[in-house]
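Peer 1: A single structure is presented below for examination.
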Amino acid sequence: MQSCANAKDIKNTLIDYGIQASYTRIRIYEVLKSSKVHLSAEDVYLKLIDSIPTLSRTTVYNTLSLYAKKGVISEVPVYGKALKYDANNKAHGYFKCRICDGVFDIGANEMPSLKEGFKVEKIDVFYYGICSKCAQKLNEKKGSN
């Protein structure tokens, strides 16, 4: 685990959502929260199995499902791929690169606004295309031909 303060913050977050904060649940949330990319259940399992040898895939799947149900994390459905999870609960959307399969957060200020009077409860915006890194690689390839 990274730090005691971080573990205490995570424990308090889980308790605030009505979730019993076991060591394994704290570690699973810690992995999601510290990741710069959206992880699948298998990704989470592989990141923790060395430090928690008794961990099962079922525990990871069930814990992530519980977190999503309680609103601690969001499920990120990626067409044709395993479900990913996001610990960022701020309003935002996603961009999926068709070349590298990366899924990137898009801030709320980069998304279209709604007409007055609408009350947004959940945002599920997904853009598909080519990320800047892949676009740059494509342009470099075209330039070298």
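The values are calculated or read from the model by the stated rules, or taken from the named source; none is laboratory data. Since the model is a prediction, treat every value here as computed from it, not as a measurement. Note that each Cβ is placed from the backbone with ideal geometry, even for glycine, and that neighbours are counted across all protein chains shown.
Peer 1: Just one of (1) under 25 Å from Phe126 (Cα atoms); (2) over 12 Å from the mean Cα position of the chain (by Cα); (3) modelled with pLDDT of 95 or more trips up Gly71, so point out which.
Peer 2: Result: Gly71 fails condition (3) only.
Peer 1: Next question, about the same structure. Tell me whether region 106-120 contains one or more residues that are outside the structural domain of Thr13 (by TED's automatic domain parsing), surrounded by 12 or more Cβ atoms within 10 Å (Cβ to Cβ) and at pLDDT 75 or above.
Peer 2: yes
Peer 1: Quick one: Ile10 ticks every box in (1) touching a helix residue (DSSP H, G or I) at 6+ places or on another chain (Cβ under 8 Å); (2) of a type outside the set (Lys, Arg); (3) outside any helix (DSSP H, G or I) bar one, so which box is it?
Peer 2: Here Ile10 meets the rest and fails (3).
Peer 1: Which residue, of Tyr85, Tyr45, is touching a helix residue (DSSP H, G or I) at 6+ places or on another chain (Cβ under 6 Å), outside the structural domain of Lys11 (by TED's automatic domain parsing), closer than 22 Å to Lys11 by Cβ and not basic (Lys, Arg)?
Peer 2: Tyr85
Peer 1: Which of the residues belonging to region 2-48 are exposed (fewer than 15 other Cβ atoms within 10 Å of the Cβ), over 19 Å from the mean Cα position of the chain (by Cα) and either within 16 Å of Ile73 (Cα to Cα) or aliphatic (A, V, I, L, M) (or both)?
Peer 2: Ala5, Asn12, Ile15, Asp16, Gly18, Gln20
Peer 1: Go through region 123-145 and report how many residues are closer than 25 Å to Val37 by Cβ and modelled with pLDDT under 70.
Peer 2: 1
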